[in-house]
Amino acid sequence: MALAFDEFGRPFIILREQEQKTRLRGLDAQKANIAAGKAVARILRTSLGPKGMDKMLQSPDGEVTITNDGATILEQMDVDNQIAKLMVELSRSQDYEIGDGTTGVVVMAGALLEQAQKLLERGIHPIRVAEGYELASRISFEHLERIAHKFEFSGADAEPLIRTCMTTLSSKIVNRCKRSLAEIAVKAVLAVADLERRDVNLDLIKVEGKVGGKLEDTELIYGIVVDKDMSHPQMPKQIEDAHIAILTCPFEPPKPKTKHKVDIDTVEKFQTLRQQEQKYFDDMVQKCKVIYFCIFFCLNIVLFDRVFDGDSLDWDTVYESSGIGEPITYTRSKKRKEASPSSSSRKASRTTTTSRKGKGQLGKGRLATVVEERELVDEELEDEEVGDEEEGSTSLEDDDIDEDEDNYLVEDDYDVGATLVICQWGFDDEANHLLMHRNLPAVRWVGGVELELIAIATGGRIVPRFQELTTEKLGKAGLVREKAFGTTKDRMIYIEHCANSRAVTIFIRGGNKMMIEETKRSIHDALCVARNLIRNNSIVYGGGSAEISCSIAVEAAADKYPGVEQYAIRAFADALDAIPMALAENSGLQPIETLSAVKSQQIKENNNCCGIDCNDVGTNDMREQNVFETLIGKQQQILLATQVVKMILKIDDVISPSEY
Ligand code: ADP
């Protein structure tokens, strides 16, 4: 603090910034940090295990979450303290790497901090404690590998996988349906897994939920479910053998931006603008359904080949080579155009020209003529289209569809392109109406992640620019259907029998939103466990048995260290006991008595599968209870918890802004 004077001689005080801050040093800093870490761990301790309690959290906007998932609880807690934030990060890291064991890792870290505090109070330097913890964590890591078991499973016999997922689900709210949910999770993982490479891409599994129905109605769909409906209620609800255009570009006429000004002072100008907009969109729809470019390309290649071969060309070859197969109505001649300008005669000419038979043989000299003819016909098609709209089809009502169908050039003959459009953008009512008239079903406002999944599942390509749409980029699905739920207007789109069946959807049903969200989190844990087992099929037994076994091993190893570290190593062994104690306490058992009984049983019977009988099954043997955990998950828990505690112990100076 210093006294200074301004240019008018008025005194003022300069406070140095440091003095506005509170500062904790040495043991005080460590004690404060340990207290913060322990406080977070205490919150999660009661949620551990199959009998763990749930937490109800309310977000600032009033949304309520009920869960016992450690990562979710910490995520939603409004934590201010920096050390508490480290614990939140710890749980998040476990979730990110392994997906399960998020509560256990924080409880373990809390226990390590508690033991460290006792050592610090006895005068042991924090660095020695940190070193001892590091040694003990390595001993535990190796011991876990020794007591791990391999369990065999295959695509055909997935029962062991299902049982492991059931262990994960047994501690969740959804444990009523743990068998069926575990089966769904395993089937989903196996559907997207590459068992040879031992790799699972969980991104291919979409988890979708809808309020209504029972948890038992949750199902696995080999395809994608999108929480959207057809853009128009009169569009078909079911499309078989769908060819899907997946667009991330707007699917409507360009709208004038705010910075542009359009003066419309007469009805005619307005009509013209409207017609132009409509024509623009018509062209887009036409492009979706008929892929001009492809047909041209294929035709030209075939014709070109034939010119060089000097062969005569017959139209059947052209159709077959171009992959179209079906006759198309592009071959109307110039003469015919002149002769048949009216709508009714167009219909007649279409009938006559759709037959490719009788076209005769085309020789070398016809190449130029054919291409010219096609260009002319394209022009003609466009002219006709505009003409039709001008003739009064601009304001079609739904009832007019049948009468006006012939006014449109799109007939089934042309349907060699998309039969469904899925668009990331929306389109306005007029565009929607036109799409319905053009018999091109569409789904709008589909999210980016969903589009990616649809593209993967259907083998299609996401098209960011409309001009780039080609037949090869269309996705294929055996069945696309719109399903209605309950008596509400809730509808969802199911895309099934896809070209690439490796993308699947788990569709969760439940009584309320909270239940659905909690089921999603539980399924996520089960999916992660199944994935971890496919990557590495080693398991350790749960119910605290692995921790008790490690604790015995670490305790025994402590005596071999002559230095102060042995205190820290023993403290680590005591911290490992915190997990079975918490499991026992949460199950209504006497923690210390239960732990000592199980520990002595492990030593006496030399059976490292003895754990806490949380569900009162009648046996302590977790092998008999089928309570497994993945080896990598358990190892990661111990490593991550030790790292965070070491980090906290090494902080001896805490400078923070003081509270006024
Ligand atoms: P986390 O988020 O850490 O996975 P959970 O609440 O899922 O926490 O609890 C996991 C702990 O509960 C593990 O130690 C596991 O072994 C144990 N556990 C799960 N099911 C049982 C059971 N049926 N009997 C005994 N322990 C169980």
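Filter the cross-link list 187/214; 228/476; 31/646; 172/599; 38/604 down to pairs whose alpha-carbon distance in this structure exceeds 24 Å.
From 187/214; 228/476; 31/646; 172/599; 38/604, over 24 Å: 172/599; 38/604.
For 232, 437, what's the fewest-to-most ordering of other Cβ within 10 Å of each Cβ?
Ranked by crowding around the Cβ, least crowded first: 232, 437.
Using C-alpha positions alone, give me the convex hull volume of the range 138-199 per residue in cubic angstrom.
Details: hull volume 7.5 nm³, N = 62.
Convex hull of Cα atoms, per residue: 120 Å³.
What is the spin-label model distance, in nm, from residue 5 to residue 536 if the labels are put 7 Å beyond Cα along the C-beta direction?
Placing both labels 7 Å beyond Cα along the Cβ direction yields 7.3 nm.
So how much slack lies between residue 593 and residue 479, counting 0.36 nm per residue of separation and subtracting their Cα-Cα distance, in nm?
35.0 nm
What does the charge add up to near residue 120, with Lys and Arg as +1, Asp and Glu as -1, over the other residues with Cβ less than 12 Å from its Cβ?
Overall, the nearby charge balance is 0.
In nanometres, what is the gap between the two model label sites at residue 499 and residue 283, each 7 Å from Cα along Cα-to-Cβ?
2.8
Pull out a ≥ b ≥ c, the square roots of the eigenvalues of the alpha-carbon gyration tensor of the range 417-564, then state rounded if a/c is under 1.5, prolate if not and a/b is larger than b/c, and oblate in the remaining case.
Values: a/c = 3.66, a/b = 2.51, b/c = 1.46.
It is prolate, given that a/c is not under 1.5 and a/b is the larger ratio.
How much net charge surrounds residue 445 when only other residues with a Cβ under 11 Å from its Cβ are counted (Lys, Arg +1; Asp, Glu -1)?
Numbers: positive: 228, 444; negative: 227, 229, 450.
Residues close to residue 445 contribute a combined charge of -1.
So if I place +1 on the C-beta of Lys and Arg and -1 on the C-beta of Asp and Glu, and nothing else carries charge, what would the dipole magnitude of the range 466-620 be about its Cα centre? I want it in debye, nearest 20.
1060
Which of the GluC sites (Glu not before Pro) found in the range 72-179 are loop residues per DSSP with 15 or fewer other Cβ atoms within 10 Å of their Cβ?
152
Could you compute the net charge surrounding residue 240? Neighbours are other residues with a C-beta less than 12 Å from the C-beta of residue 240; K and R count +1, D and E count -1.
Within the 12 Å Cβ shell, the charges total +1.
Between residue 241 and residue 58, 0.36 nm times their residue separation minus their Cα-Cα distance comes to what?
That pair, residue 241 and residue 58, stretches by 61.3 nm at full extension.
Along Cα→Cβ, 7 Å out, is where each label goes; now give me the distance between the ones at residue 429 and residue 651 in nm to one decimal.
Reported label-point gap for residue 429 and residue 651 is 5.8 nm.
Using 0.36 nm per residue, how much length does the chain from residue 127 to residue 261 gain when fully extended, once their Cα-Cα distance is taken away? All intermediate terms of the calculation are to be shown ahead of the outcome.
Details: separation 134, 0.36 × 134 = 48.24 nm, distance 7.16 nm.
Full extension of this stretch gives 41.1 nm more.
Between residue 92 and residue 275, take the C-beta separation as r, use R0 = 60 Å, and let me know the FRET efficiency to the nearest 0.05.
Using R0 = 60 Å, I get an efficiency of 0.60.
Every number here is computed from the coordinates shown, using simple stated rules; none is lab data. Keep in mind it's a predicted model, so treat the numbers as computed, not measured. Every residue, glycine among them, receives a Cβ derived from its backbone with ideal geometry; neighbour counts consider all protein chains shown.
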